[in-house]
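Just below is one structure, and these are the notes that go with it.
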Amino acid sequence: MKMVSRVVRRFPVALAVPLVLVAPLALTAGCGSDAPPAPAASATARPSGPAPSAGSASPSPSPTGDPAERAAAAVRRMTDADLAGQVLMPYAYGNDATRVDAASIAGNRQIGGVDTPAQMITKFRLGGLILVGFSAQDPTGSTNPTTNVENPEQVRTLTAGLQQAAAGLPSGAPLLIGTDQEYGVVTRVTDGVTMLPSAMGFGAAGAPRLTETAWHAAGAELAAMGINLDFAPVADTLGAQGSAVLGSRAYGADAKANAEQVAAAVRGLQSAGVSAALKHFPGHGHTTADSHAELPVVEQSMKAWKNQDRPPFTAGIAAGADVVMSGHLDVKALDPGVAATFSHKVMTDVLRGQMKFTGVAVTDAMNMAPAKKWSPGEAAVRALNAGNDLLLMPPDLIAARDGIVAGLADKSLPRSRLEEAVTRILTLKFRRAGAEQPELSTVNSAEHQQAARAAAAAAITVLRGSCTGPQLGGVAVTVTAARGREVARVALVKALQAAGVEVHASGGKIVHLVGYGDRTTDLRSDADVTVMMDTPYLLSAARSPVLIATYSSSPASMAALADLLAGRADAPGRSPVAVSGLPRSVCRT
């Protein structure tokens with residue numbers, strides 16, 4: 001796949017320290033139980049003064065050479081505080097690196113005792129920063145208390161300022177700037193970008209070629225905005241009971257098909273220069289509990305885990321995924337009673353030893369309930385000892401940093417383990433550094449829109465009704481929707497009108513839209529067509545003569561739906577999950 005958009009500049013790259021060859025870092029065994037580390041590792045006292053002195057030499061001219069050697073050389077020159085900062089990836093308040101309002105200042109002071117995102121980077125010598133966005137229609141909203149992404153222009157300005165702040169850090173490497181751009185219900189940047197279908201939409205299409213092309217487009221747009229790490233794709237396989245917190249974020253219930261989709265998404269993203277992160281290892285799909293609020297227990301046998309949960313992660317790793325995200329999950333077959341994020345058996349013995357992953361392991365958000373079982377400092381040490389390299393969204397940045405530094409001092413966190421983690425992080429940064437940044441004109445381009453439309457059209461599934469011809473017999477249509485679906489309703493009305501369908505405010509045959517979080521009370525008993533724009537499970541309760549799943553409410557999905565309703569297109573999709581009482585498709589076996 002070739003990206004035709006012109007490029008104009010390179011990602012900011014900080015100066016690196018002189019190249020020095022060092023011996024390989026030792027892998028130090030961590031702890032797979034809930035036994036506490038030494039008390040000093042949980043220190044949470046906030047220092048009244050600035051961060052500990054780095055004592056680092058001024059950065060020297062950037063060497064060329066192997067990224068791993070450059071990373072090892074940098075690590076050898078870094079102080080304890082430098083190392084601690086590199087494994088931290090918090091969020092910050094404010095939509096600009098240096099100019100923020102009073103509310104953002106208050107938020108940043110609470111997290112890290114600073115006023116601006118730029119100050120947070122320089123004070124803590126951060127390895128990364130995650131861009132966040134709150135939405136009520138988002139199952140991850142509880143961990144995103146603020147929004148600092150608005151549109152492509154604003155995000156590009158913000159990320160450029162963040163990289164400028166990181167340019168003088170002792171690590172000599174650019175900042176990792178990540179976000180959760182999964183598409184579907186978890187999408188941080190929504191204004192002015194190409195909106196892909198949800199993962200389940202790609203699963204319904206069953207065409208990895210389309211997946212790779214679409215995710216390459218997504219990667220190019222993220223790169224144009226200055227984001228170099230996407231916490232996607234979701235590699236979880238859904239169990240028979242589904243998972244409300246995952247839902248359409250997952251590709252489906254078939255591990256083999258999911259593996260093909262995950263590998264395609266990884267190839268697409270990373271071919272555009274953006275690192276992909278597989279989540280939520282070792283698999284969140286076989287529990288109905290929400291790890292944002294509690295520690296889910298996965299009761300599967302080892303054989304079932306190997307057959308159902310592991311394959312998509314294996315495929316993503318084989319495709320070259322740069323990052324794997326741990327899940328806050330008690331997987332009984334692997335390490336019973338221990339959350340995977342804090343399990344050495346899971347994050348080191350299984351992920352590194354058995355599955356041969358050599359990239360960066362990042363925790364799921366450390367401000368989620370299972371990770372808040374301990375103080376931020378103690379949780380940080382535990383996660384690092386388990387084998388994680390990067391700690392995402394610690395609830396108290398000062399306490400997390402101080403806990404890591406204290407852990408080095410009292411030996412509860414071996415320095416070799418921290419150096420190993422930072423070496424992996426810097427190796428990734430140096431490997432991705434200097435990539436040409438696409439122009440903003442590549443965002444929402446016609447080429448990218450076409451990739452999204454092709455995937456959305458391939459996903460459309462008819463679970464009841466006709467496979468060919470107009471679904472409503474060429475008569476006038478009235479579009480209704482459950483509460484909160486007005487944007488999708490208007491998009492469908494416009495798409496139907498563009499397709500030559502007569503649309504009336506009332507009195508036409510009713511096409512009723514439902515989506516994420518809707519229930520049976522949101523259905524219409526008099527609807528001629530019911531359309532589910534998320535997981536199709538709710539369609540089992542609908543009584544309409546025509547039932548359609550789009551798996552997404554994106555403009556591309558609404559356009560594809562309009563084409564089907566108008567008789568201009570068929571419905572090639574097949575539900576990637578079972579729906580009680582309905583076939584996967586009436587059009588495709």
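The values are calculated or read from the model by the stated rules, or taken from the named source; none is laboratory data. Worth saying up front: this structure is predicted, and the values here are computed from it rather than measured. All Cβ positions, glycine included, derive from the backbone under ideal geometry; neighbour counts span all protein chains shown. Remember, those area values only see protein heavy atoms, side chains included, never the ligands or the DNA or RNA. Shrake-Rupley method; radii C 1.70, N 1.55, O 1.52, S 1.80 Å.
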Filtering the range 456-499 down to residues that are among the hydrophobic types (A, V, I, L, M, F, W, C) and part of a loop (DSSP other than H, G, I, E, B), which residue is nearest to residue 519 (Cα to Cα)?
-> 482
Any idea which of (1) over 24 Å from residue 567 (Cα atoms); (2) open to solvent by 20 Å² or more (accessible area, probe 1.4 Å) is the one residue 482 doesn't satisfy?
-> (2)
Could you list all residues from the range 408-433 that are part of a loop (DSSP other than H, G, I, E, B) and open to solvent by 20 Å² or more (accessible area, probe 1.4 Å)?
-> 411, 412, 414, 433
Name every residue in the range 214-253 that is part of a helix (DSSP H, G or I) and aromatic (Phe, Trp, Tyr), in order of residue number.
-> 215
Which residue, of 194, 190, is out of contact with any Cys (no Cβ under 8 Å at 6 or more places or on another chain), closer than 19 Å to residue 558 by Cα and open to solvent by 10 Å² or more (accessible area, probe 1.4 Å)?
-> 190
Keeping to the range 555-571, report how many residues are open to solvent by 60 Å² or more (accessible area, probe 1.4 Å) and either assigned to a loop (DSSP other than H, G, I, E, B) or over 28 Å from residue 448 (Cα atoms) (or both).
-> 2
Kindly establish whether residue 361 is in contact with a Lys or Arg (Cβ under 9 Å, 6 or more places away or on another chain), of a type in the set (Gly, Ala, Ser) and more than 24 Å from residue 275 (Cα to Cα).
-> no
Options 194, 211; residue that is assigned to a helix (DSSP H, G or I), at pLDDT 95 or above and of a type in the set (Ser, Thr, Tyr) | 211
Say we look at the range 163-187 and pick out the residues that are farther than 30 Å from residue 198 by Cα and among the aliphatic types (A, V, I, L, M); which of these is surrounded by the most Cβ atoms within 10 Å (Cβ to Cβ)?
-> 173
Go through (1) under 30 Å from residue 369 (Cα atoms); (2) touching a Phe, Trp or Tyr at 6+ places or on another chain (Cβ under 8 Å); (3) open to solvent by less than 10 Å² (accessible area, probe 1.4 Å) one by one and return the number of the condition residue 211 breaks.
-> (1)
Are any residues in the range 465-479 of a type in the set (S, T, N, Q) and open to solvent by 30 Å² or more (accessible area, probe 1.4 Å), and if so, which ones?
-> 466, 468
Among the residues of the range 303-321, is there at least one that is over 19 Å from the mean Cα position of the chain (by Cα), over 25 Å from residue 259 (Cβ atoms) and either at pLDDT 95 or above or outside any loop (DSSP other than H, G, I, E, B) (or both)?
-> no
Matching residues, the range 440-455, being more than 17 Å from residue 552 (Cβ to Cβ) and either among the basic types (Lys, Arg) or assigned to a loop (DSSP other than H, G, I, E, B) (or both) | 443, 445
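Conditions (1) out of contact with any Gly (no Cβ under 9 Å at 6 or more places or on another chain); (2) of a type in the set (Gly, Ala, Ser), marked per residue:
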position	(1), (2)
428	no, no
434	yes, yes
450	yes, no
461	no, no
466	yes, yes
489	yes, no
Could you grab me the full set of residues in the range 523-546 that are assigned to a loop (DSSP other than H, G, I, E, B) and of a type in the set (A, V, I, L, M)?
-> 523, 527, 533, 542
Condition set polar (S, T, N, Q) and either at pLDDT below 95 or closer than 26 Å to residue 196 by Cβ (or both), scope the range 492-549, selection least open to solvent (accessible area, probe 1.4 Å): answer is 530
Taking the range 356-402 and keeping only residues that are surrounded by 24 or more Cβ atoms within 10 Å (Cβ to Cβ), out of contact with any strand residue (DSSP E or B) (no Cβ under 7 Å at 6 or more places or on another chain) and among the basic types (Lys, Arg), one is left with 382
Selection from the range 577-587 of residues that are open to solvent by 20 Å² or more (accessible area, probe 1.4 Å) and in a loop (DSSP other than H, G, I, E, B) | 578, 580, 581, 583, 584, 586, 587
Pairs, first in contact (Cβ under 8 Å) with a residue 24 or more places away in the chain in the range 149-162, second assigned to a helix (DSSP H, G or I) and open to solvent by 20 Å² or more (accessible area, probe 1.4 Å), C-beta under 7 Å, six or more apart | 152/440; 153/440; 156/440
